[in-house]
1. Restricting attention to segment 449-459, does a residue exist that is within 20 Å of Asn184 (Cα to Cα), open to solvent by less than 50 Å² (accessible area, probe 1.4 Å), touching a Phe, Trp or Tyr at 6+ places or on another chain (Cβ under 8 Å) and of a type in the set (Val, Ile, Thr)?
2. Name the one entry in Pro286, Pro281 that is open to solvent by less than 50 Å² (accessible area, probe 1.4 Å), within 16 Å of ligand 1 (Cβ to nearest atom) and within 30 Å of Tyr103 (Cα to Cα).
3. Among the residues of segment 150-157, are any touching a Gly at 6+ places or on another chain (Cβ under 8 Å), over 27 Å from Lys110 (Cβ atoms), buried (at least 24 other Cβ atoms within 10 Å of the Cβ) and modelled with pLDDT of 95 or more?
4. Only one of (1) surrounded by fewer than 22 Cβ atoms within 10 Å (Cβ to Cβ); (2) modelled with pLDDT of 95 or more fails for Gly306. Which number is that?
5. For Trp413, only one of the following conditions fails: (1) out of contact with any Ser or Thr (no Cβ under 8 Å at 6 or more places or on another chain); (2) within 12 Å of ligand 1 (Cβ to nearest atom); (3) open to solvent by less than 10 Å² (accessible area, probe 1.4 Å). What is its number?
6. What number of residues within segment 585-604 are at pLDDT 95 or above and open to solvent by 30 Å² or more (accessible area, probe 1.4 Å)?
7. Which condition does Asp702 not pass, out of (1) touching a strand residue (DSSP E or B) at 6+ places or on another chain (Cβ under 7 Å); (2) open to solvent by 10 Å² or more (accessible area, probe 1.4 Å); (3) farther than 30 Å from Tyr441 by Cα; (4) not basic (Lys, Arg), if it passes all the others?
8. Mind checking which residues of segment 527-571 are part of a strand (DSSP E or B), crowded, with 17+ Cβ neighbours inside 10 Å and polar (S, T, N, Q)?
Amino acid sequence: MKYSAIILLLLSVCISCQTTSKTVAATEISIVPKPSDMVITEGSYLFSKRTKIFVDNENQKPAAKYLSDLFEKAAGYPIFISETKGNATIIFTEDKSIKPEGYHLEISPKKINIKASDAAGYFYGIQTIRQLLPPSIETANSIEKNWSVPSIVINDTPRFSWRGMQMDFSRHFFSIDEVKTFLNYMALYKLNTYHMHLTDDQGWRIEIKKYPLLTEKGAWRVESSHDITCNELAKTDPSFIIDEQHYHNREGQRMYGGFFTQEQIKEIITYAAERQIEVIPEIDMPGHLKSAIDNYPYLSCTNEAGWGELFSSPACLGKETTYEFTKDILAEIVDLFPSKYVHIGGDEVNIESWKKCPLCQKAIKDHHLKNEHELQSFFNRDIETFLNSKGKRLLGWDEIVEGGLSKDGTMMWWRNWAPTMRDIAAKHGNDMIITPCFEYYFDAKHEATPFEKIYQYEPIPENFTKEQAKHILGIQANLWSEMIPNFKRLQFQAFPRFLALAETSWTSKEDKNYDDFQKRMNLQYKRLEALNIQYHIPPVTGLKDKVAFLDKVTIELNAPLEDMVIYYSTDGTTPSKTSKKYTAPLEFSQTTTLNTIAYRGNVASETKAALIEKQNYLESLNITPKTGALQRWTGVKQFKIVDSVALPKNATYQFVTVINLAGNEGIEQLSMVFKGYFYAEAEGLYEFATKSDDGSLLFIGDKMVVDNGGNHSAIEKNGMVALQKGWHPITIKYHEATGGGELSVSFKAPNGEKQVLKGNVIAHD
Ligand code: ACM
Ligand code: ZN
């Protein structure tokens, strides 16, 4: 008995020593962002209740505490932090040769060494250890027993010093706990700058002691236009339900709102700093200021708040009170936020108000300015002088370039359609942060700004010299909250795109590789699940938006990610885990609406619906049109959305050889109709696709083949149609609302390749 007990004991010790010294394969390791240099060595290190961290300077303590707290929450015991080496096995050492924020991490079965030259470096060493631990380290009261990390040697430094995320608190508000949760996500992926958009037309979200009405009244609203849209969407998609915690009864009314007190802001700043994150405040001025002007109406040119065609009426720049008011606010802001930068917005100003205002016009004259853009720059410079006097630097959206930049102003480039702003800033010697609307606006739909597009985007323009590139401090993604009414929806918009941004911000351009990133992502999804993050999964692949067939068709579906199960319905209901499970290709002989979904555990993909349509060949026309062009009608400010675009009675046309916006780029509220003929070279099933920003609709005869309607950023949609050989009438409608436009059309003949719609297959009368 005794003998066998000893053997058993020996056996169990050996089993544990085998597991702890197991060498881990590279495919089992997923660190995002990818480190600069990593070598896997033999064995692994096992954490236990006896694990001790040695720290010998203040910079090391926040990192050590972070690891200790993770263990306390997940494993049920903290890691002991000691200022004497003794039997400590995790050793922090200062190494001044390591670059800022960089670290050297060496894990062996007996020891973990972390070297860095600053607090951020130690902290990021710990975040790497966190990602080497099982995902259950993110879970409270985990049942995990084997807290081991692989033996490894890593040398790592970031590419950019500004690795940012922005949240918009005005359009929809978020609680302080949600802010902290978000800061933890940022810490995990080594992001270091948190930009808080605290004020805008739809709500003022920070206490300003000198102007109490800003929050007493300006933080509350009955219902914004965005709330109305969210409520409408919420009828069919609960992820748009506006968070109930921000509704309060005020003055006998149910109102939406909230704000951070200055004490809460301090709490956020401290919490962020413990995670090596700097908080940058944004107080948008002189536009996007309606929540202030509503309550201090003397600020505007007309002494009342209002709206221009697209943007709210700004503060009057001909009144001294505007300068006093904004500086009073900034005085409280600079006292509160330790950051070097203060963001003053400066975007989307309705300068029409200034054109009509005698005081603004007088200011232009008195200060020898050329126009309203220069008036805004005059204001910016005055604000900048004030910020500089407080030891701060001005940061603003790229519109601050338009009327001339100051020496020190830093620009956030967001308008893809204004690329020269980057060149002007670099030439002038101004720093910038790259946060383009088409790639880094995470409030955009996933299909418009997909994961791979974000990953592949290179933030330094090709034409930049090495010297110019030094002015790019880094990158940032923004989460504008008009259509983000709760924190779960925010997670859905942000993830997994967050990780693609993090990798571009940290990892060198040469070390990035999308295939390798996707492999690492498959493990990262488990961590996101452990963190209870509602991340986005695209819909099933292999399914067109509209499938045409003659007798019958077989549809094969593929899961968008590993480890997913597909479900579908054919009765028009939204599919779920209780729907039919997809196990083999589906065959259809009748017109059907197919609805699909895929699940990875409990995380659902986007649904995808397709009309599987039984068709007869559309008859061709007996005509001989003139090939090589279509007719194009163009109108401005006549329609709001493509779905209502119609040709006017006396339409005039241009002949165009390619279906695009040529000659009309940058025009807002632009509508177009292309009409003519399409040649089907053989009888069969044809595919068409449109990519458009905003919407487009493609018809063959009266039949809508591609429905890419609505107002949205660039999205590709496709559809199929059965055509007899010969000429068929084709119509393409297009509409651009605001913010840059795009249109392209392609087709695929039976047995052909996808190609641009042009040449001999198009014609006109
Ligand atoms: C912005 O999106 N208006 C900066
Ligand atoms: Zn004015």
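The values are calculated or read from the model by the stated rules, or taken from the named source; none is laboratory data. Here the structure is a predicted model, which means the values were calculated and not measured. Cβ coordinates were reconstructed from backbone atoms using ideal geometry, including for glycine residues, and neighbour counts include every protein chain displayed. In case anyone asks, the SASA skips ligands and DNA or RNA and just uses the protein heavy atoms, side chains included. Shrake-Rupley method; radii C 1.70, N 1.55, O 1.52, S 1.80 Å.
1. No, segment 449-459 contains no residue that is within 20 Å of Asn184 (Cα to Cα), open to solvent by less than 50 Å² (accessible area, probe 1.4 Å), touching a Phe, Trp or Tyr at 6+ places or on another chain (Cβ under 8 Å) and of a type in the set (Val, Ile, Thr).
2. It is Pro281.
3. No: zero hits.
4. Every listed condition holds for Gly306 apart from (2).
5. Against the list (1) out of contact with any Ser or Thr (no Cβ under 8 Å at 6 or more places or on another chain); (2) within 12 Å of ligand 1 (Cβ to nearest atom); (3) open to solvent by less than 10 Å² (accessible area, probe 1.4 Å), Trp413 comes up short only on (1).
6. So the answer is 7.
7. (1)
8. Ser569
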